[in-house]
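Student: Input: one structure, supplied below.
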Amino acid sequence: MEQMAKPLTKNIRPDRAFATLADYESTGGYEGLRKAITQLQPKDVQQWVKDAGLRGRGGAGFSTGLKWSLVPMDAESFQTRYLVVNADEMEPGTFKDRLLLERDPHQLLEGIIIAAYAIQAHVAYIFLRGEYHLAALRLENALLEAGSKGYLGKNILDSGFNLEIILHTSAGRYICGEETALLNALEGKRANPRAKPPFPLVSGLWGKPTVINNVETLCNVPHILHYGIEWYRSLALGADQGTKLFGASGRVKNPGLWELPMGTPIREIIEEYAGGMRDGYKLRGFLPGGASTDFMLPEHLDVVMDFDAIAKAGSRMGTGTLIILDDLTCPVQMVLNLEEFFAQESCGWCTPCRDGLPWTVTLLKDIIAGQGRMEDLDALSGLTRMLGPGNTFCALAPGAMEPLQSALKYFREDFERYITGNNAVMESV
Amino acid sequence: MNIHTEKPDFEGLSPAEIQEINAEFSHYEDKTAVSIEALKIVQKHRGWVSDECLVAVAGLLDISTAQLEGVATFYNLIYRQPVGKTVIHYCNSVTCWMLGAEQVRERLCRHLNVELGEMSADGEYTILPIVCLGACDHAPVVMVGNELRQDISDDAVNEILRR
């Protein structure tokens, strides 16, 4: 029962470092692939995943099955198509994909093979962040194991379908997580984002149709195929489907990561799973899904972890890993840390991002140093609009503005205290 | 492919490096795509990427040195200056910042008497910042060489540097 309620983490056990192929097979591993590849047409697999209601777990929440169905399939059946796995987990405060990669690598491989079959790709790349050395070792080992059992390579499970999976380890830049920048990185170039359209689904890696999926997204796929759409749609509590890894970090009693149904209330994650705040600290706010999401407040604790519910509360579910702001941490300094990160990681390709983010950092530093003026707050608000959606090449700068704009709204008195000189309370931080 | 090993342009690279880089070609559509792997291979052998090596790798990949330099300087984990035998990356992203990343940095740098990016006098260590290492539930964290170390306390810093 427990296994069925937690499909993504059922093989991740405290008594073993990671699940081997035998461990993975013992709980139904590669049965989803067997069904997909021997009983279903590629189009059917796309439809299953669409009907299951799986939405991308990388942050954007796009329907995975719909994405697959948009790949040109019929025109030229011999056209090269690529599947690329975005394993470039680098969103500050996010630590979910590393667990899946290190502890149950075959789950990801099975998801990749099914996805590649669904779009008829014969080469798949895993774009892994360079710092994830342990994940790279486990994946390399798992690739060999899968190949030796006929799950990978030529004529997979006697179906006539061929697939090669290539592990590419990156050399570190946050922008590589942006899917078109990732494609440039994979082509050995600077990871600047590309203009869209054309979208990668039509013209991606080396100009070929390319599907890019997040690690956690693909880890859902084997279970949908193995246990069925109806089962998958029974897992969640709210509007979205399936389970998800949710996490909490910061000054909570028990920081960690838990697989829970989509639609789990944020209160339950913070108060029950994370054990509430550490003694002596109070909850001041939180970023629901990584550095590039808007702050939420204690009054939002009863919002549930669903894409649309979080959007309605003015933020984004993002990666679903909560970053907790306590009452003794200065929100202005926290925002400075976030903006320094974004300014450093900007690829420098478009002007609003390249110039606007360092300007944001300068203004915040001046304010914290006691050299700010009230007009600076208007300038910061102006930047949140100038760097917002529609003005930049990709989502990096708009994402960077999310915590800033919400901090200006919710924690304005903290900014003002620095400017008026009444910041005695915060100086201790 | 092996024809390359005989060209004098690549003399800056060892046969082992050239062999490893050539082995990567089959994984990609063209040679340019091997840029990052190639730089990482050189770095694995030498610790960093010198100007001479950069020119040699560009020659091996049939791309301009400028293009490869653009790539080399773009990525955080390619070093264009010598670094210590072990690079210690300390995470300075939000959760680690909140839970003591600055203290970790200070302790590491003071212990080794170095600034960020400098090599320690004995050539053993270089300290660099790194973005979120994906272990926020065990903040603060550092990466010592290729190894992730979590829940870093003062004692842990001492223990890391004593090895």
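The values are calculated or read from the model by the stated rules, or taken from the named source; none is laboratory data. This is a predicted model, so every value here is computed, not measured. Here Cβ is always computed from backbone atoms with ideal geometry, including for glycine, and neighbour counts include all displayed protein chains. Just so you know, the surface numbers come from the protein's heavy atoms only, side chains and all, with ligands and any DNA or RNA stripped out. Shrake-Rupley method; radii C 1.70, N 1.55, O 1.52, S 1.80 Å.
Student: At 7 Å along Cα-to-Cβ for each site, give me the label-to-label distance between A:Met4 and B:Trp48 in nm.
Tutor: 6.0
Student: While we're looking at this one, here's another question. Can you send over the carbon and sulfur percentage of the accessible area for chain A, probe radius 1.4 Å, protein chains only?
Tutor: 52
Student: Under a Cβ-only charge scheme (Lys and Arg +1, Asp and Glu -1), can you give me the dipole magnitude of the stretch B:20-163 about the Cα centre, in debye to the nearest 20? Let's see the in-between values first.
Tutor: Numbers: 12 positive and 21 negative charges, 46 e Å.
Computed about the Cα centre, the dipole is about 220 debye.
Student: Here's something else I'd like to know. For A:314-323, what's the mean count of beta carbons from other chains sitting within 10 Å of each residue's beta carbon? Can you show the working numbers first?
Tutor: Details: counts 0, 0, 0, 0, 0, 0, 0, 4, 1, 5.
Average neighbour count from other chains, rounded to a whole number: 1.
Student: Output the relative contact order of chain B, whole-number percent, from Cα pairs under 8 angstrom with separation of 6+ residues.
Tutor: Normalised by residue count, the contact order of chain B is 18 percent.
Student: Could you point to the residue in B:Ile127, B:Gly12, B:Phe25 farthest towards the positive end of chain B's charge dipole, with +1 and -1 charges on the Cβ of Lys/Arg and Asp/Glu respectively?
Tutor: B:Ile127
Student: What does the highest-first list of A:302-310, A:210-218 look like by mean Cβ count within 10 Å?
Tutor: Ranking, from highest mean packing down: A:210-218, A:302-310.
Student: Restricting to DSSP H runs of at least four residues, report the calculated mean residue ellipticity at 222 nm for chain A, -39500 (n - 2.57) per run over all residues, nearest 500 deg cm²/dmol.
Tutor: Roughly -12000 deg cm²/dmol at 222 nm, from the helical runs in chain A.
Student: What does the net charge come to around A:Gln344 if you take all other residues with beta carbon closer than 13 Å to its beta carbon, with K and R at +1 and D and E at -1?
Tutor: Charge balance in the 13 Å sphere: -1.
Student: Across 5 Å bins from 0, what is the distribution of all Cα-Cα pair distances for the stretch A:2-234, in whole percents?
Tutor: Reading the bins upward from 0: 1, 7, 15, 20, 21, 18, 11, 5, 1, 0, 0.
Student: If one takes the longest principal axis of the Cα atoms in chain A, at what angle in degrees, from 0 to 90 and to the nearest 10, does the Cα axis of helix A:105-119 lie?
Tutor: Tilt relative to chain A: about 70 degrees.
Student: A plus B alone minus the pair: what accessible area, both sides summed, probe 1.4 Å, in Å² to 100?
Tutor: 3600
Student: What's the long-distance tail for the stretch B:1-153, i.e. % of Cα pairs beyond 24 Å?
Tutor: Counting pairs separated by more than 24 Å, the tail of P(r) holds 42 percent.
Student: Can you pull the percent of the stretch B:17-162's accessible area that's carbon plus sulfur, 1.4 Å probe, other chains left in place? Don't skip to the answer; put the middle values down first.
Tutor: On the way: 2670 of 5950 Å².
The computed percentage sits at 45.
Student: A further question follows. Please arrange A:His133, A:His122 by accessible surface area, largest first, computed with a 1.4 Å probe and ligands excluded.
Tutor: In descending accessible area the options line up as A:His122, A:His133.
Student: In whole Hz and in residue order, list the ³J(HN,Hα) couplings for the stretch A:153-168 that follow from phi through the Karplus curve 6.51 cos²θ - 1.76 cosθ + 1.60, θ = phi - 60°; x for Gly and Pro.
Tutor: x, 8, 6, 4, 6, 6, 8, x, 8, 10, 8, 10, 10, 10, 8, 10
Student: So, one more: Taking chain B as the reference, fit the longest principal axis to its C-alpha atoms, fit the long axis of helix B:101-112 to the helix C-alpha atoms, and give the angle between the two in degrees, 0 to 90, nearest 10.
Tutor: Helix B:101-112 sits at roughly 80 degrees to that axis.
Student: May I ask what percent, to the nearest 5, of DSSP beta bridges between residues of the stretch B:86-162 are antiparallel?
Tutor: 55
Student: If the viscosity is 0.692 mPa s and the temperature 37 °C, what Stokes-Einstein diffusion coefficient in µm²/s follows for the stretch A:331-420 when Rh is the Kirkwood radius over Cα pairs?
Tutor: The estimated diffusion coefficient comes to 258 µm²/s.
Student: Give me, ordered by chain and number, the residues 5 or more places off A:Gly285 or on other chains with an amide H under 5 Å from its own placed amide H.
Tutor: It is A:Leu325, by chain and number.
Student: On to the next question. Provide Rg and Dmax in Å for the stretch B:86-162, with only Cα atoms included in the calculation.
Tutor: Using the Cα atoms of the stretch B:86-162, the pair Rg, Dmax is 11.1, 34 Å.
Student: Roll a 1.4 Å probe over the protein chains and send me the accessible area per residue for chain A in Å².
Tutor: Counting only protein heavy atoms, the per-residue value for chain A is 36 Å².
Student: In terms of modelled amide H atoms, which long-range or inter-chain residues lie less than 5 Å from the amide H of A:Tyr82?
Tutor: Correct list: A:Thr210, A:Val211.
Student: I would also like to ask the following. Have a look at the DSSP beta bridges in chain A and tell me what percent are antiparallel, nearest 5. Could you put the intermediate results ahead of the total?
Tutor: On the way: 15 of 36 bridges.
Counting only bridges with both partners in chain A, antiparallel ones make up about 40 percent.
Student: Then there's this: What are the extents of the Cα atoms of chain A along their three principal axes, listed from largest to smallest and rounded to whole Å?
Tutor: 74, 45, 35
Student: Ordering A:Lys149, A:Lys50 by how much accessible area each has at a 1.4 Å probe, largest first, what is the list?
Tutor: A:Lys149, A:Lys50
Student: Something else now. For peptide A:248-254, what's the mean number of Cβ atoms from other chains within 10 Å of each residue's Cβ?
Tutor: 4
Student: If you don't mind, another one. Once the dipole of the stretch A:246-326 is set up with Lys and Arg at +1 and Asp and Glu at -1 on Cβ about the Cα centre, which of A:Phe246, A:Ile269, A:Leu322 lies farthest towards its positive end?
Tutor: A:Leu322
Student: Please list 3J(HN,Hα) in residue order for the stretch A:396-402, calculated via the Karplus relation 6.51 cos²θ - 1.76 cosθ + 1.60 where θ = phi - 60°; whole Hz, with x for glycine and proline.
Tutor: Values per residue, Gly and Pro as x: 5, 5, x, x, 5, 7, 4 Hz.
Student: If you don't mind, another one. Per residue, how much accessible surface does the stretch B:15-74 expose to a 1.4 Å probe? Answer in Å², no decimals.
Tutor: That works out to 39 Å² for each residue.
Student: Mind listing the phi-derived Karplus ³J(HN,Hα) values for the stretch A:130-137, rounded to whole Hz, using 6.51, -1.76 and 1.60 with θ = phi - 60°, and x for any glycine or proline?
Tutor: x, 7, 8, 5, 5, 4, 4, 4
Student: What does the accessible area of B:Arg149 come to, in Å² to the nearest 10, when a probe of 1.4 Å is used?
Tutor: Spelled out: B:Arg149, probe radius 1.4 Å, area about 40 Å².
Student: What per residue convex hull volume, in Å³, do the alpha-carbon atoms of the stretch B:15-74 yield?
Tutor: Enclosed volume per residue, from the Cα hull, is 73 Å³.
Student: Please give the average number of partner chain Cβ atoms lying within 10 Å of the Cβ of each residue in B:93-104, rounded to a whole number.
Tutor: On the way: counts 12, 16, 14, 4, 9, 14, 5, 0, 1, 0, 0, 0.
Average per residue, whole number: 6.
Student: Going through the cross-link list A:Lys244/B:Lys85; A:Lys50/A:Lys196; A:Lys208/A:Lys312; A:Lys253/B:Lys44; A:Lys149/B:Lys40, which pairs have a Cα-Cα distance over 29 Å in this structure?
Tutor: A:Lys244/B:Lys85; A:Lys208/A:Lys312; A:Lys253/B:Lys44; A:Lys149/B:Lys40
Student: Given C-alpha coordinates of the stretch A:246-326, what is the ratio Rg to Rh with the Kirkwood estimate of Rh?
Tutor: My calculation of the ratio gives 0.92.
Student: Kirkwood hydrodynamic radius (Cα pairs, Å) of the stretch A:149-262?
Tutor: The Cα-based Kirkwood calculation yields 17.6 Å.
Student: Next question. Could you name every residue in the stretch B:54-86 that has 40 Å² or more less accessible surface in the full protein assembly than in its own chain alone (probe 1.4 Å, ligands and nucleic acids excluded)?
Tutor: When all protein chains are present, B:Phe74, B:Tyr75, B:Asn76, B:Leu77 each give up 40 Å² or more of accessible surface.
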